[in-house]
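Colleague: First, the structure itself, so that you have it in front of you.
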Amino acid sequence: MLHRVIWLDADTDLCTKRLTHRRYDPVSGRPVNLLAIPKDLAKTDLSGWVARAEDDETVVQERLARHATARAELEKVFGCRKTDASTGVFYAVKADGLGERDAKKEQPSLDRTLELVEGSLMRPIPIDIRAQY
């Protein structure tokens with residue numbers, strides 16, 4: 001029995017930007033994002049690092065369009081949970097800014113998103129679902 005559907009709702013422009021800037025070392029397979037190069041690679045020549053075909057902007061946008069369609073279908077099937085409703089198990093959690101770090105090198109947006117996901121999991125099972133047991 002499915003009790004929760006949690007959708008991480010991220011900004012599509014940000015997803016596109018991050019995915020199209022991924023590169024991989026062809027020897028080790030190590031990934032790096034050109035928008036946030038780690039300190040240990042700051043002086044490394046990344047010109048030989050490669051992008052995967054699935055990180056092409058057109059491919060990424062097609063995937064994101066399929067995700068939007070999937071989200072609409074999931075909401076339709078499982079019902080969008082409102083805070084005051086007793087039905088629906090679909091929760092959309094806003095996930096903007098994931099991976100961004102503040103001045104303290106912490107990820108407050110990630111922490112907040114994890115809190116929201118945990119909160120979705122801790123909510124009581126909707127009445128119409130509990131009645132089926």
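The values are calculated or read from the model by the stated rules, or taken from the named source; none is laboratory data. Since we're looking at a predicted model, the values are computed, not measured. Every residue, glycine as well, gets a Cβ built from its backbone with ideal geometry; the counts of neighbours run over all protein chains shown. Accessible surface is based on the protein model in full, side chains and every heavy atom, while ligands, DNA and RNA are left aside. Shrake-Rupley method; radii C 1.70, N 1.55, O 1.52, S 1.80 Å.
Residue-by-condition table, conditions (1) closer than 29 Å to Val93 by Cα; (2) free of Cβ contacts under 8 Å to residues at least 12 places away in the same chain:
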{"position": "Val27", "(1), (2)": "no, yes"}
{"position": "Pro38", "(1), (2)": "yes, yes"}
{"position": "Ala42", "(1), (2)": "no, yes"}
{"position": "Gly48", "(1), (2)": "no, no"}
{"position": "Asp55", "(1), (2)": "yes, no"}
{"position": "Thr58", "(1), (2)": "yes, yes"}
{"position": "Glu62", "(1), (2)": "yes, yes"}
{"position": "Arg66", "(1), (2)": "yes, yes"}
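Colleague: For the range 4-20, how many residues are surrounded by fewer than 18 Cβ atoms within 10 Å (Cβ to Cβ) and either free of Cβ contacts under 8 Å to residues at least 24 places away in the same chain or of a type in the set (D, E, K, R) (or both)?
Modeller: Of the residues in the range 4-20, 5 are surrounded by fewer than 18 Cβ atoms within 10 Å (Cβ to Cβ) and either free of Cβ contacts under 8 Å to residues at least 24 places away in the same chain or of a type in the set (D, E, K, R) (or both).
Colleague: Ok, one more. Can you name the residue in the range 75-108 that is under 17 Å from the mean Cα position of the chain (by Cα) and open to solvent by 60 Å² or more (accessible area, probe 1.4 Å) and is also modelled with the highest pLDDT among such residues?
Modeller: Only one residue fits best here, namely Lys94.
Colleague: Anything in the range 30-62 that is in a helix (DSSP H, G or I) and either surrounded by fewer than 14 Cβ atoms within 10 Å (Cβ to Cβ) or polar (S, T, N, Q) (or both)? List them, or say none. Explain how you work it out, then say what you get.
Modeller: Taking the range 30-62 as the starting set, the residues that turn out to be in a helix (DSSP H, G or I) are 39-41, 53-55, 57-62.
Across the range 30-62, the qualifying residues are Lys39, Asp40, Leu41, Ala53, Glu54, Glu57, Thr58, Gln61, Glu62.
Colleague: What about Thr58, is it more than 24 Å from Thr113 (Cβ to Cβ), at pLDDT 95 or above, out of contact with any Leu (no Cβ under 6 Å at 6 or more places or on another chain) and not acidic (Asp, Glu)? Let's see the steps before the verdict.
Modeller: On the way: more than 24 Å from Thr113 (Cβ to Cβ): yes; at pLDDT 95 or above: yes; out of contact with any Leu (no Cβ under 6 Å at 6 or more places or on another chain): yes; not acidic (Asp, Glu): yes.
For Thr58, the condition - more than 24 Å from Thr113 (Cβ to Cβ), at pLDDT 95 or above, out of contact with any Leu (no Cβ under 6 Å at 6 or more places or on another chain) and not acidic (Asp, Glu) - is met.
Colleague: Now a separate question. Any idea how many residues of the range 65-74 are within 17 Å of the chain's Cα centre (by Cα) and either crowded, with 16+ Cβ neighbours inside 10 Å or at pLDDT below 90 (or both)? Steps first, answer last, please.
Modeller: Here is the first cut: in the range 65-74, the residues within 17 Å of the chain's Cα centre (by Cα) are 65-72, 74.
After this cut, where a residue has to be either crowded, with 16+ Cβ neighbours inside 10 Å or at pLDDT below 90 (or both) as well, the list is 71-72, 74.
Qualifying residue count, the range 65-74: 3.
Colleague: Sticking with this structure for a sec: Return yes or no: is Arg18 touching a Ser or Thr at 6+ places or on another chain (Cβ under 7 Å) and at pLDDT below 95?
Modeller: Values: touching a Ser or Thr at 6+ places or on another chain (Cβ under 7 Å): no; at pLDDT below 95: yes.
Spelling it out, it is not the case that Arg18 is touching a Ser or Thr at 6+ places or on another chain (Cβ under 7 Å) and at pLDDT below 95.
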